[in-house]
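Worksheet: the structure to be examined is printed underneath.
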Amino acid sequence: MRDESRKEQATIPKERSRSPEEGRKRAKIEGVEPQIDGGTFPAKRILGDEIIVEADAFCDGHDALTCILRYRHESEQNWRSTDMEPLGNDRWRASFEAARLGHYLFKPVAWVDHFKTWRLDLHKRLEAGQEVTQELLIGADLVEAAADRADAKTRPLLQEWVTMLRHPTDDPDLPVPSATETPMTPSRATAYHALSSELAELVALCPDRTLATEYGTELSVQVDREKARFSTWYELFPRSAAETGRHGTFEDVERLLPYIKDMGFDVLYLPPIHPIGRMKRKGPNNVPTAEDGDPGSPWGIGAKEGGHKAVHPELGTLDDFRRLLRKVEEEDMEIALDIALQCAPDHPYVRDHPEWFRKRPDGSIQYAENPPKKYQDIYPFDFETDAWRELWDELASIFLFWIEQGVRIFRVDNPHTKPFDFWQWMIARVRAEHPDVIFLSEAFTRPKVMYRLAKLGFSQSYTYFTWRNSKDELRDYVETLTTEPVRDFFRPNFWPNTPDILPEYLQTGGRPGFMVRLALAATLTSNYGIYGPAFELQAAMPARPGSEEYLHSEKYEIREWDLDRADSLRGFIGRVNRIRRENPALQETHNVRFHDTDNDEILAYSKATRDGSNVVLVVVNLDPHHRQSGWVDLDLDALGVGPDDTHADHEEYVVHDELGGERFLWHGSRSYVELRPDQMPVHIFRVSRRARSEADFEYYM
């Protein structure tokens, strides 16, 4: 046994047996939040947010700690600090304001506070009726040490305390308890006086941080502008914006701005606006060969007219695009531009930089494939090329070029097919000069890959919402996105449809199905978008049974849309977006709370502002074909209408139907709902604390 023990000890790594550089630092810090992957990536917050930091801090024994939070903006050299307050069980919290865009750096610091420990012990001794003469002398030494660290203004004040602690008196002016079981002596009277906040505040001005422990990792928070948290996107193909069926132009898009604005959208998202390649161009419905006059796919980028820094001639000129940017801004909207880092076979990059593309054994360039799908009209970049540095610089210059034109939002196509390190470098490079730029990641891929892209800098992300239909699927997925640590780095952007995706629910759900998915996307998250006019006009015909591709997909041909159709959802969409603007609770994502229902086809959830001034309750019939009814079990505390001195069953509150305009008086935590798809498949209620008079309201039993 003895020999085995020696053998086991010999295997201990030397690093574990080394003594620390300073073994007297007794405070330990762990469990710091927010923290993404051990500090590898920043958490995300919005300009003006209160950045709340929590940490576990403790030491051996019973000594008291002091904890502070050090923080600074990345552009600042000097650190600021604020006290961390104890929450109990060795948990501490502090906060600071996200006052500037960019990165904030922070780290907790803790140390054994001998004066605070002395003060606590002195109070216990007094309460126990013990003699405290020696304790006063110990305190005098601690205060004198603080005086040595103090500035010229504070030092003489502390010296007065040193004299008092070393020479207790029975000064009748000293504030002492009016009645104690132990006789009052000069030492006890002085001790009670020493427990005043005055001395503690003076000593706190000059703390002894000689043996302070700093958290080992410098953590960070990325601060974005408000649009990263709350935005409403409308995707439009400019070439289909003309009224007559000709190729649309930027000027035609200008004509549609009031239409888009009237529906309440604040981001106009345009697919790639660059010249479209002619070689290997795809025809209607993605047929391999195009006929004369077929416009091709906007994602087949590049031709003799130019590449990623050029404008498709049939859309207009670069000046026309700048004019459109100004017009959009006048409507209080922004343009989001699609950037797809890929090339058509006749893109100038293919001619000028063949080293940026992968060659097949026969010498031809490898086109894009996702077997069995083939994209002969697209050449992907080879990010393993020996010329990768030059490639990176050129691709970053594409974003910088469009930023110079005035674009501040980018939807990035398929970022998961490019290296993570490239995106982390590129986004950091752009934001170093333009911290207001927003990047939306279009990556429908594995969760860990989507999360990695969000961690390394993408402001918003597409999600699996498009395929989550049942109550359990929606609830589980949203709760995943709104629970730490995912909520700290991943901002979801829900899309019911895209030019690539016509989900089965929309194919079969009819008009109510479109209304349901719009309401869910717009109220479950604070960022959402639709591909229009296909959405409001309820385009639902797939290319073939079982496919999620549109028949006559706008990706391959120009479409004519009758925007004045009587069955358009334009009015419904406008009302929902108005409700989003008027209710701050819907401008957050992480505040969603689900409520139980006794019907699997009914989903209920609420959102409330942090101060409880605005509360919204949403009830949705997920079945687009049949009337559904049932009871909703409401969490009254989540609605801000929890009982005071009465029982929950007698609590009364008002719900205002924001879509229908009615107001109802509800009682207690159970309410009955009935939703007819042919009328309105969703309720969006604004909740008020209590009715003034029951006679003013209808009853909704």
Here is a list of conditions, (1) in contact with a strand residue (DSSP E or B) (Cβ under 6 Å, 6 or more places away or on another chain); (2) more than 20 Å from E473 (Cα to Cα); (3) modelled with pLDDT of 95 or more, and V641 meets all of them except one; can you say which number that is?
-> (3)
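Just give me the residues in segment 612-621 being open to solvent by less than 10 Å² (accessible area, probe 1.4 Å) and assigned to a loop (DSSP other than H, G, I, E, B), in sequence order. Walk me through it before giving the result.
If we filter segment 612-621 for residues that are open to solvent by less than 10 Å² (accessible area, probe 1.4 Å), which is where we start, we get 615-621.
None - no residue of segment 612-621 is open to solvent by less than 10 Å² (accessible area, probe 1.4 Å) and assigned to a loop (DSSP other than H, G, I, E, B), so the list stays empty.
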Within the set of pairs 6 or more residues apart or between chains, which connect a residue that is of a type in the set (A, V, I, L, M) inside segment 412-432 to a residue that is assigned to a helix (DSSP H, G or I) with Cβ atoms less than 6 Å apart?
-> M426/A396; V430/F399
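Within segment 453-479, which residues are closer than 22 Å to F439 by Cβ and open to solvent by 30 Å² or more (accessible area, probe 1.4 Å)? Reasoning before the result, please.
Step one: filter segment 453-479 for residues closer than 22 Å to F439 by Cβ, giving 453-466.
Selection gives K455, Y464.
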Any idea which residue in segment 126-136 is farthest from the chain's Cα centre (by Cα), counting only those that are exposed (fewer than 12 other Cβ atoms within 10 Å of the Cβ) and part of a helix (DSSP H, G or I)?
-> Q134
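Could you grab me the full set of residues in segment 488-501 that are under 20 Å from the mean Cα position of the chain (by Cα) and not in a helix (DSSP H, G or I)?
Initially, segment 488-501 is screened for residues under 20 Å from the mean Cα position of the chain (by Cα), giving 488-496.
Answer for segment 488-501, where residues must be under 20 Å from the mean Cα position of the chain (by Cα) and not in a helix (DSSP H, G or I): F489, F490, R491, P492, N493, F494, W495, P496.
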Specify which of the listed residues (S178, S187) is modelled with pLDDT under 95 and part of a loop (DSSP other than H, G, I, E, B).
-> S178
Quick one: N285 ticks every box in (1) open to solvent by 60 Å² or more (accessible area, probe 1.4 Å); (2) more than 37 Å from the chain's Cα centre (by Cα); (3) at pLDDT below 95 except a single one, so which number is it?
-> (2)
Output for Cβ contacts, cut-off 7 Å, separation at least six or different chains, first residue crowded, with 16+ Cβ neighbours inside 10 Å in segment 142-156, second among the charged types (D, E, K, R), reads A145/D208; A147/R155; R149/D208
For segment 685-699, indicate whether the set of residues that are open to solvent by less than 20 Å² (accessible area, probe 1.4 Å), at pLDDT 95 or above and not hydroxyl-bearing (S, T, Y) is non-empty.
-> yes
Could you list, in sequence order, all residues of segment 405-433 that are more than 19 Å from the chain's Cα centre (by Cα) and either hydroxyl-bearing (S, T, Y) or assigned to a loop (DSSP other than H, G, I, E, B) (or both)?
-> G406, V407, N414, T417, K418, P419
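The values are calculated or read from the model by the stated rules, or taken from the named source; none is laboratory data. Since this is a predicted model, take the numbers as computed values, not measurements. Counting neighbours? That spans all protein chains shown, and the Cβs are built from the backbone with ideal geometry, glycine included. When the accessible area is computed, the model is the full protein with side chains, heavy atoms only, and any ligands, DNA or RNA have been set aside. Shrake-Rupley method; radii C 1.70, N 1.55, O 1.52, S 1.80 Å.
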